[in-house]
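The values are calculated or read from the model by the stated rules, or taken from the named source; none is laboratory data. Computed from a predicted structure; not experimentally measured. With ideal geometry, Cβ positions are generated from the backbone for all residues, glycine too; neighbour counts draw on all protein chains shown. Side chains included, ligands, DNA and RNA excluded: accessible areas come from the protein's heavy atoms. Shrake-Rupley method; radii C 1.70, N 1.55, O 1.52, S 1.80 Å.
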Amino acid sequence: MALPLPPGLTPAEVAFLCEMEMVTIVPRQRLDGLELLGGSIPPLQPPRRTDIPLWLALLLKRQNRANIVPPPWLLPASLANILDVETEMTEAFSSPPPLPPSAKGSEPISPPFQPSCTADASAHALPYHWLEVGEVLLDAASDDFEEPDLVRRLIRDIREVRLSKLRAGVEVLDAGGGVQMNGVGGLEVAEGRAFIGGVIDNLRKLGASKEQTRKEREAEEERNGYSGAGADDYDDDMEL
Amino acid sequence: MDIDISDILASVSPPSVSPSLLDLQSLTRAFIAERVAPSLLPYPSALMTRVLARIAAQIELVEHETGKVDPRANFRLVVLQTEVERWKYLVRALLRARIAKLADYPLFYLEDAEVSGRLSAAERQYLGARQGLLGEHYAVAFLGQFPAGLRRLDDASGGVRMVDRPDEEAAVFVRCLRDIGPVRVEGTDTEADMRRGDVWVMRWSVVREWWENGDVELI
């Protein structure tokens, strides 16, 4: 009954989440509008482009009722550009599409609900679920791509470059955490979580007593009104 | 420059998002958060009541329409059912992830009033019954043969507590949904300037407060 899985998302769960991304389709058949739990689907009328969730697009595609329009960033030219940027930036991932503006007081929208895989998405930024959406589309709708093999190869190249950054980033891990990973993808988080989290947690456990002492000292200084600069003097005094 | 532009956009065109989609987003976030957070999170009771009622209504609609044998309506039903199954999967996975945490640290979630407040009524009942059965079984199987003073499962004498607790300091991945500003991890040199849209690996104990306010989401 209890979920027999370790904490953190499995690749299958990430794939499930990526299917909530909106994609653009060109319907081949009419279909009346639908009231779904997650919002309404407008009536489908060929050949009018419509944005629908990926899971529904895959269902329609499988039954040959629609074609899927690959998002602009999944075109060979955009991927080649992104690959160049990824190769040039050795420290960080290329920047993701910015979060959409949200009305004051309302819940901010974030992936997979941020529309970043539709036909009018940005061509220069890899969205959070880039790898998953790319793989799923190449698998289920490769005939909607002009050069599926080229796209597949570019995706693999980008993945290699990013994986090597993820591996190189291991050196900056320390007990406090505080690692910035802007632009990281959903599947990359799922893959790296166990290792990155494990390293940080174990470093923390190793340094736990030292950290505790420092915490107490800082609390003491806070009470006595010492400033941050005073803390260093205090250290020196101790050594003398 | 980019930031200035997005600020202007924010003031001009707040996007209109349907409440149904917001519910789906909240449910998805609750599921992800429960799967990756080290300790049990508060039960999202308002959201769950709403979601369960809507799933039930949708199932009723599907059952009602199954009677009609129009082949055209047939595919619509397939779509409706597929979506209902996706929602049911999310709900089920969320609840199962919670039960897994309860099973890992049963005594911890039972004894502390603040912590047990995160459980729903059904979960509290389940955990109480489970722990009752387990305690009885332990007593019959082996605890009964111990000296009376050594039979407790929640002994705290000698400064060491027997009750295991989840690691609240574990590292988690978060995405900032609003600007937070500089953050310092006490007792370490770690400092972070957390801005909207950033992804950070931080200690759960450090970011928990912002998660409760909805300023960050777990990923």
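Observations on the model:
- Answer residue from segment A:16-43, given it is crowded, with 19+ Cβ neighbours inside 10 Å and not aliphatic (A, V, I, L, M) and is farthest from the chain's Cα centre (by Cα) among those: A:Pro27
- Residue within segment A:26-38 that is in a strand (DSSP E or B) and at pLDDT 95 or above present: yes
- Residues of segment A:80-110 satisfying the condition of being facing chain B (nearest Cβ under 8 Å) and either closer than 24 Å to A:Pro148 by Cβ or open to solvent by less than 50 Å² (accessible area, probe 1.4 Å) (or both): A:Pro96, A:Leu99, A:Pro100, A:Pro101, A:Ser102, A:Ala103, A:Ser106, A:Pro108, A:Ile109, A:Ser110
- Meets criteria (closer than 22 Å to B:Arg35 by Cβ and among the aliphatic types (A, V, I, L, M)) for B:Ala93: yes
- The residue list B:Arg184, B:Arg165 contains one member that is touching a residue at least 40 places away in the same chain (Cβ under 8 Å) and open to solvent by 70 Å² or more (accessible area, probe 1.4 Å), which is B:Arg165.
- Breaking point among (1) among the charged types (D, E, K, R); (2) modelled with pLDDT under 95; (3) under 30 Å from A:Gln63 (Cα atoms), for B:Arg86: (2)
- Unique match (being in contact with an Asp or Glu (Cβ under 6 Å, 6 or more places away or on another chain), farther than 22 Å from B:Leu218 by Cβ, β-branched (Val, Ile, Thr) and part of a helix (DSSP H, G or I)) among A:Val151, A:Val161, A:Val136: A:Val161
- Only residues that are loosely packed, with under 15 Cβ neighbours inside 10 Å and either within 23 Å of A:Glu19 (Cα to Cα) or away from chain A (no Cβ under 14 Å) (or both) were counted across segment B:89-131, and they come to 10.
- Selection from segment B:142-189 of residues that are over 23 Å from the mean Cα position of the chain (by Cα), over 30 Å from B:Leu110 (Cβ atoms) and β-branched (Val, Ile, Thr): B:Val183, B:Val185, B:Thr188
- Picking from residues in segment A:160-181 that are open to solvent by 40 Å² or more (accessible area, probe 1.4 Å) and farther than 18 Å from B:Val199 by Cβ, the one that is modelled with the highest pLDDT is A:Glu160.
- Only a single criterion out of (1) among the hydroxyl-bearing types (Ser, Thr, Tyr); (2) surrounded by 20 or more Cβ atoms within 10 Å (Cβ to Cβ); (3) touching a Phe, Trp or Tyr at 6+ places or on another chain (Cβ under 9 Å) is not satisfied by A:Tyr128, namely (3).
- When each of A:Leu3, A:Leu79 is tested for being part of a helix (DSSP H, G or I) and among the hydrophobic types (A, V, I, L, M, F, W, C), the lone residue that passes is A:Leu79.
- Residues that are under 21 Å from A:Thr50 (Cα atoms) and within 14 Å of chain B (Cβ to nearest Cβ) within segment A:111-129 comprise A:Pro111, A:Pro112, A:Phe113, A:Gln114, A:Pro115, A:Ser116, A:Thr118, A:Asp120, A:Ser122, A:Pro127, A:His129, listed in sequence order.
- Residues that are facing chain B (nearest Cβ under 7 Å) and within 25 Å of the chain's Cα centre (by Cα), drawn from segment A:1-12: A:Leu3, A:Pro7, A:Gly8, A:Leu9
- A residue that is within 21 Å of B:Ala30 (Cα to Cα), of a type in the set (D, E, K, R) and surrounded by 11 or more Cβ atoms within 10 Å (Cβ to Cβ) cannot be found anywhere in segment B:134-155.
- With respect to (1) assigned to a loop (DSSP other than H, G, I, E, B); (2) without any contact (Cβ under 8 Å) to a residue 60 or more places away in the chain; (3) out of contact with any Asp or Glu (no Cβ under 7 Å at 6 or more places or on another chain), the lone exception for B:Met202 is condition (1).
- For segment A:182-211, taking the residues that are facing chain B (nearest Cβ under 7 Å) and more than 16 Å from B:Ile32 (Cβ to Cβ), the one that is surrounded by the fewest Cβ atoms within 10 Å (Cβ to Cβ) is identified as A:Asn182.
- Meets criteria (open to solvent by 30 Å² or more (accessible area, probe 1.4 Å) and modelled with pLDDT under 90) for A:Met1: yes
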